[in-house]
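Read the structure below first, then the notes.
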């Protein structure tokens, strides 16, 4: 009887559990190790920060839904993976054995890499629902006594969409409150230009996002290294295209949301042959690790090299569609191995994203992720805002029902008019 253990109960781990349960024989076991008792729909955290969603709107208790599908759940964080022993040490001292391990944990949020960064420092975050809830309290206080805002992503970040979302959502909320004229806003990013997105740009993302920022009176600083954050002041060094220091900035703020750099979770960091120097799990094109072939990884924890060299560290994003295809490939490949076959399924590592701007939004499709591309599309409008709201509702309903239905393939690709193209544009990439 194969025992498949999944670390993580988030946007990758929960769908992984349902698909793995469906792929296994009835006698196979699936166990999910969570960082607590709840699932949170992380893409909605920007709405939580400004009070458009409550915590209860985007969080569900997962144990009863997993148990309905005959999936075990342990709401205790993994302390250490021991791949040579096929075991996981839990934070409470227990040890879990596995035949196959799937790391779907998401990242460690490396706030500690910049002095004063994060909810325990002087900036807010939308990387976790609890951060967003805390940020909402700060936001309400800020709106009573507004002033400058600094928003963006620090060097080493690999998910830039939420930074743009947060800037535009705050702009929308401030306009609705009739206080936008009292709030100078600066967007700070390590990207070499606005709209790079960690992807070398997608379509006319540079032009469209620059236009959005000009239209909403948001100034920007690119190639920006955040050196440290003090109470009310962010110290930033701007670099030129060759990476040389160009200008020092001391940016005053009364409110700030900055995305941190990502690393691998402590449970897998520094395991030789399993992770890269940043602690991300290295995988082959079949989603398993080369040294430990019974260890798979999906989602943000997967090591993906930067799309191109930049003056400052700029990571590549892992969008929802990419994660969904990783999940499906992993489930099929583990099924193959159990049946005595070789893994043969590869994820379509394409980037598809919906970014909400409050009362409108922007969507992009990059097939494949690394240029040159077969599809290189970026567009926007009110329909994106409506689509993201609908996606949130559908995804939460999917988890409550316990279905392994591929949301992006069934609905989003079709809505974007590229359903017939998706199977043609694969990017089988091996990561050593």
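The values are calculated or read from the model by the stated rules, or taken from the named source; none is laboratory data. Everything numeric in this text was worked out from a predicted model, so none of it was measured. All Cβ positions, glycine included, derive from the backbone under ideal geometry; neighbour counts span all protein chains shown.
Please enumerate the residues belonging to region 20-33 that are under 16 Å from residue 400 (Cβ atoms) and crowded, with 24+ Cβ neighbours inside 10 Å. Before you say what the answer is, go through the steps one by one.
Filtering region 20-33 down to residues under 16 Å from residue 400 (Cβ atoms) leaves 21, 32.
The answer is 32, and nothing else.
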Exercise for the section: Name the single residue, out of those in region 296-316 being touching a strand residue (DSSP E or B) at 6+ places or on another chain (Cβ under 8 Å) and surrounded by fewer than 24 Cβ atoms within 10 Å (Cβ to Cβ), that is farthest from residue 10 (Cα to Cα). Expected result: 311
Exercise for the section: Could you check how many residues of region 199-216 are closer than 27 Å to residue 146 by Cα and without any contact (Cβ under 8 Å) to a residue 40 or more places away in the chain? Expected result: 4
Practice task
Identify the single condition in (1) crowded, with 21+ Cβ neighbours inside 10 Å; (2) within 28 Å of residue 98 (Cβ to Cβ); (3) modelled with pLDDT of 95 or more that residue 325 does not satisfy, given that it satisfies every other one.
Solution key: (3)
Practice task
Filter region 259-272 down to residues that are touching a strand residue (DSSP E or B) at 6+ places or on another chain (Cβ under 6 Å) and assigned to a strand (DSSP E or B) and give me whichever is nearest to residue 230 (Cα to Cα).
Solution key: 259
Fill in the blank from the handout: Residue hits (region 10-61; more than 29 Å from residue 141 (Cβ to Cβ) and free of Cβ contacts under 8 Å to residues at least 24 places away in the same chain) are 26
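When you look at residue 233, is it on the phi < 0 side of the Ramachandran plot, out of contact with any helix residue (DSSP H, G or I) (no Cβ under 7 Å at 6 or more places or on another chain) and in contact (Cβ under 8 Å) with a residue 40 or more places away in the chain, yes or no? So that I can check it myself, show each step before the final result.
Values: on the phi < 0 side of the Ramachandran plot: yes; out of contact with any helix residue (DSSP H, G or I) (no Cβ under 7 Å at 6 or more places or on another chain): yes; in contact (Cβ under 8 Å) with a residue 40 or more places away in the chain: no.
Here the answer is no, as residue 233 does not meet what is asked.
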Exercise for the section: May I ask you to list the residues in region 104-116 that are touching a residue at least 24 places away in the same chain (Cβ under 8 Å) and in a helix (DSSP H, G or I)? Expected result: 111, 113
